[in-house]
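Here is the structure we will look at.
No value in this document is a laboratory result; all are computed from the given coordinates. Being a predicted model, the structure only gives us computed values, none of them experimental. Virtual Cβ from ideal backbone geometry, glycine too; neighbours counted across all protein chains shown.
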Amino acid sequence: MPPVPRWDDLWLNGNLATMAETGPGAEAPYGAIEDGALAVAGGRIAWLGRRVDLPGRPEALAANVHELDGSWMTPGLIDCHTHLVHGGDRAREFELRLQGANYEEIARAGGGILTTVRATRAATQEALVAAARPRLRALLAEGVTTIEIKSGYGLDRDNELKQLRAARQLGAEFPVTVRTTFLGAHAVPPEYDGRAEAYIEEVVIPMIPAVREAGLADAVDAFCETIAFTAEQTARVFEAATAHALAVKLHADQLSDQGGAALAARFGALSADHLEYANEAGIAAMAQSGTVAVLLPGAFYVLGETKVPPVDALRQAGVPIALATDSNPGSAPVASLLLMLNMGCTLFRLTPEEALAGVTRHGARALGLGDSHGTLEVGKVADLAVWRIDQPAELAYWIGFNPLICAVKNGVIRTTGTDNR
Ligand code: DI6
Ligand code: FE
């Protein structure tokens, strides 16, 4: 009788960019192990290392042996900040901005986020899911295996719940982990015009225990900005989230310095996102609290911003830096995470290695998934991406070219239709 294989799958004859800080390969750039091997059992990574160190003949070790054929394997990519579920689009505002209107003026005139609120309220859950599917497919085709999706275009109880349910439905339909974030404090809805406080107290705060009990939200986010909510209002939301044991995240210091970075840190936020205008004290506080900086170069690019986030200061303080699409109809009509790697490097001067860490190890941490996702390490979930590239820097180098061969979600191979083998 042949020996019973120990592993379900064994990947061979390629290179691993583990992105890990400890374990095999950790001391090399990208945590690289050239001519490596990686084994999967029960949907988790069971072994990885140099092929020559495999404890036996491949066929004797695993039920299925896969040929990497010189390609590179990375952790599955993580898009840790999106507004993927929404009604309609804002191409009209794109045209207006090209004619000179700016994002804040459009928002103050009742357009911007509120345009999308009207379209989202008018859509059924099924219509929201249908509209999001092609964008999600585009992200999955680039090796994304985990995505965060926020609410924030419903701005009343039923419509926020509808958005969160649509996000959960996408997670049930597609081979991807969906983390949902309640962003009730995204904008003041028309029925509360001029009464932001009342909106926070009457709608946002009561919804926090409701979304938690319904299992519809993994975290709570807010938009702290002159066109949205003050630091005090944001703190009220965070107090409620904390009281109900929900993690917090913050749209912080995107368009102006609101002390958002320090506020996020004060509440031990998982992440503070955007951060173009973050100040030194806020960055130091983030380093202390272990809050991840999520940089969103797509929004920076689309809005024609000129003030880049303080990357050097974040680096020096040792703040982990993640990168995400911010996929949303207004400031970031983006459905490519690979493009964000490129823009993170070209616009924000991240290194390609930092950019890749931003959509793997640090992206996982920004979602509270650092123990289970984001690196190639024994015991972690087998979410993997396999690329037809000669070196990992190519993931940030190409523009509009997708070198993915296949992705693996919970140990199961997901093909994409592209044939880069
Ligand atoms: N900042 C953003 O980049 C998105 N939300 C936010 O608070 C933009 C949302 C939109 O314009 O629809
Ligand atoms: Fe956003």
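May I ask you to list the residues of segment 295-322 whose amide nitrogen lies under 19 Å from a point 7 Å from Cα along the Cα→beta-carbon direction of Thr351? The answer is 295, 310-322, whose backbone nitrogens lie closer than 19 Å to the label point. FRET efficiency for the Phe94 to Tyr397 pair, using the beta carbon distance and R₀ = 25 Å, is estimated at 0.35. Residues considered: Arg51, Arg195, Arg349. Largest GNM mean-square fluctuation over the chain, using C-alpha springs under 10 Å, is found at Arg195. Relative contact order of segment 1-154: 24 percent, from C-alpha pairs under 8 Å at least 6 residues apart in sequence.
Bridging of Lys409 to lysines at a Cα separation below 18 Å is possible for Lys380, once same-chain residues fewer than 8 apart are set aside.
Gain on full extension, evaluated as 0.36 nm per residue between Glu27 and Glu105 minus their Cα-Cα distance, stands at 23.2 nm.
Largest GNM mean-square fluctuation among His86, His251, His66, using the chain with Cα springs under 10 Å: His66.
Using Cβ counts within 10 Å as a stand-in for footprinting exposure, how do Thr180, Thr22, Thr346 rank, fewest first? Numbers along the way, then the final one.
Working: Thr180 25, Thr22 11, Thr346 14.
Ordered by Cβ neighbours within 10 Å, fewest first: Thr22, Thr346, Thr180.
So the label point goes 7 Å from the Cα of Ala122 along Cα→C-beta, right? Which residues of segment 59-97 then have their backbone N under 19 Å from it? Correct set: 85-96. For Glu232 and Ala210, the FRET efficiency from 1/(1 + (r/R0)^6), where r spans their Cβ atoms and R0 equals 25 Å, is about 0.60. Our note on the geometry: Cα centres of segment 97-116 and segment 234-313, 23 Å apart.
Exposure proxy shown here: for Arg421, Arg168, the number of other Cβ atoms within 10 Å sets the order, fewest to most, as Arg421, Arg168.
In this Cβ point-charge picture (+1 for Lys and Arg, -1 for Asp and Glu), the chain has a dipole of about 740 debye about its Cα centre.
A crude spin-label estimate for the pair Arg421 and Arg315, with each label 7 Å from Cα along the Cβ direction, gives 4.0 nm. Exposure proxy for Phe401, Phe182, Phe94: other Cβ atoms within 10 Å of each Cβ, ordered fewest to most, give Phe401, Phe94, Phe182. Basic side chains Lys and Arg get +1 at the Cβ, acidic Asp and Glu get -1 at the Cβ, and with that the dipole of segment 169-232 about its Cα centre reaches some 220 debye.
Between His244 and Asn410, the C-beta separation translates, for a Förster distance of 25 Å, into a calculated FRET efficiency of about 0.30. Under the simplified labelling scheme, the Asp158-Asp193 pair shows an inter-label distance of 2.2 nm, with each label point 7 Å from Cα along Cα→Cβ.
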